[in-house]
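The values are calculated or read from the model by the stated rules, or taken from the named source; none is laboratory data. Every value quoted in this text rests on a predicted model; they were computed, and no experiment measured them. Backbone-built Cβ (ideal geometry, glycine too); neighbour counts: all protein chains shown. Just the protein is used for accessible areas: all its heavy atoms, side chains included, with ligands, DNA and RNA removed. Shrake-Rupley method; radii C 1.70, N 1.55, O 1.52, S 1.80 Å.
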Amino acid sequence: MEIKKIAVMGAGAMGHGIAQVAAIASFDVTMRDISEDFLERGMKNIRWSISKFVEKGRISPAEAEKTLKRIRTLVSLKEAVKEADFVIEAVPEDLKLKQQIFKEMDSYAPAHTILATNTSALPITEIAAATNRPEKVIGMHFFNPAQLMRLVEVTMGKKTSNDTCNVTIELAKKFGKEAVLCKKDVPGFIANRITTPSTNLVAWMVYKGEYTIEEVDAAAMHKAGMPMGIFALLDFTGIDIGYSVMKFMEEREPNFKASPLIKEKIEKGELGVKAGKGFYTYPEKGKWAMPQIPTEKAEKFDPMTQTYVSVNMAAELIRNDIATPEDIDKALKLGFNMPIGVLELADTLGIDLILSKLKEIEAKYGEFYKPSPLLEDMVKKGELGTKTGKGFYTYKK
């Protein structure tokens, strides 16, 4: 199908960014929100962002003007979707709210229209159940800020058709994005499913007094070479966003329990940079400033702890035919600016080492961290990574 008109539900942090991306890619866009104030705020953010694109030479002033003219704002949901070929919903992460909006969109949008949700973790299948076109409902998760981040996670619900999936992936490419495919509707999809349990484990370690927040983040930056620490990253992306994935996994995953360290921050309203305080304090509310942590704090914590758990989660995605190794590594590199994919790193460290570490983690922290049968099988076969010429990838000896 040919897509000409796109509707975006929501003009907030993600919605206005997605609308901008679509308009820059030469699509006619309607951006809808519940009030004119929200829409004007969204357009103000778009104008500011586009001005920065012009300043940096990414688009010309003439292209900027054309982009802005392609975006129309509406309060009426019916008017916003009645001629749309593709709709992208970007409202708050509330399942009932999304189901209500999808029900309304389904009743007003043309029969051919694909309805996509930008959710980072909520079940596509349950959202699709609110419509009479579940085969045309799909996950299309952009990363924040949508204008700059190259990754889009495409996730299929139980009834999503292959045609819907293919159209969505092609649309992501037309937006100038790189798409990864999550073939089954699992909590957290690819990127968040792999990273959330490992972050949660470290949060438990800190909560139990085994390490301090600074010791963890110092090790991540000064020993592992990460661009920022684990807790600094939570502050940057929003602790509430991370917690929404944890909460969803807690509801649906046996043996997974969100760390009280995260819950306490939510209860206090200390959500990170946007609140002026999270695990660190920020002088200017809403403005990011890298926490300064002494190098000597890095000695105690093993920064590969997260990697061991992430590899285990990734192995299960592969074993259950949910995602490919290539898409998994692409998701983490593009979605979280990681310098190396988690499976590339696993092959470098050695699958046998990772399996051994996971057994230690399982013994201490519970059954949720039980090593994947895929890892056990790889070790039995001698597929240990770069040192044997084969691991998750194949290498020339």
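Yes or no: the stretch 155-165 includes at least one residue that is at pLDDT below 95 and buried (at least 20 other Cβ atoms within 10 Å of the Cβ).
no
How many residues are without any contact (Cβ under 8 Å) to a residue 60 or more places away in the chain and outside any helix (DSSP H, G or I) when one looks only at the stretch 138-179?
Summing the residues that are without any contact (Cβ under 8 Å) to a residue 60 or more places away in the chain and outside any helix (DSSP H, G or I) in the stretch 138-179 gives 15.
In the set Lys274, Lys333, which member is open to solvent by 40 Å² or more (accessible area, probe 1.4 Å), under 18 Å from Phe231 (Cβ atoms) and not in a loop (DSSP other than H, G, I, E, B)?
After applying the criteria, what remains is Lys274.
Could you count how many residues in the stretch 277-286 are open to solvent by 20 Å² or more (accessible area, probe 1.4 Å) and over 21 Å from the mean Cα position of the chain (by Cα)?
6
Do we find a residue being surrounded by 18 or more Cβ atoms within 10 Å (Cβ to Cβ) and either modelled with pLDDT under 95 or closer than 23 Å to Lys183 by Cβ (or both) anywhere in the stretch 356-366?
The answer is no; no qualifying residue exists.
How about the stretch 83-94: which of its residues are surrounded by 15 or more Cβ atoms within 10 Å (Cβ to Cβ) and over 15 Å from Ala19 (Cα atoms)?
Glu93 - this is the single residue of the stretch 83-94 that is surrounded by 15 or more Cβ atoms within 10 Å (Cβ to Cβ) and over 15 Å from Ala19 (Cα atoms).
Mind counting the residues in the stretch 208-226 that are under 24 Å from Pro371 (Cβ atoms) and free of Cβ contacts under 8 Å to residues at least 60 places away in the same chain?
Count: 2.
Going through Pro303, Pro371, Pro339, Pro291 one at a time, which residue ends up being surrounded by fewer than 13 Cβ atoms within 10 Å (Cβ to Cβ), in contact (Cβ under 8 Å) with a residue 40 or more places away in the chain, in contact with a helix residue (DSSP H, G or I) (Cβ under 9 Å, 6 or more places away or on another chain) and assigned to a loop (DSSP other than H, G, I, E, B)?
None of the others qualify; the one that does is Pro339.
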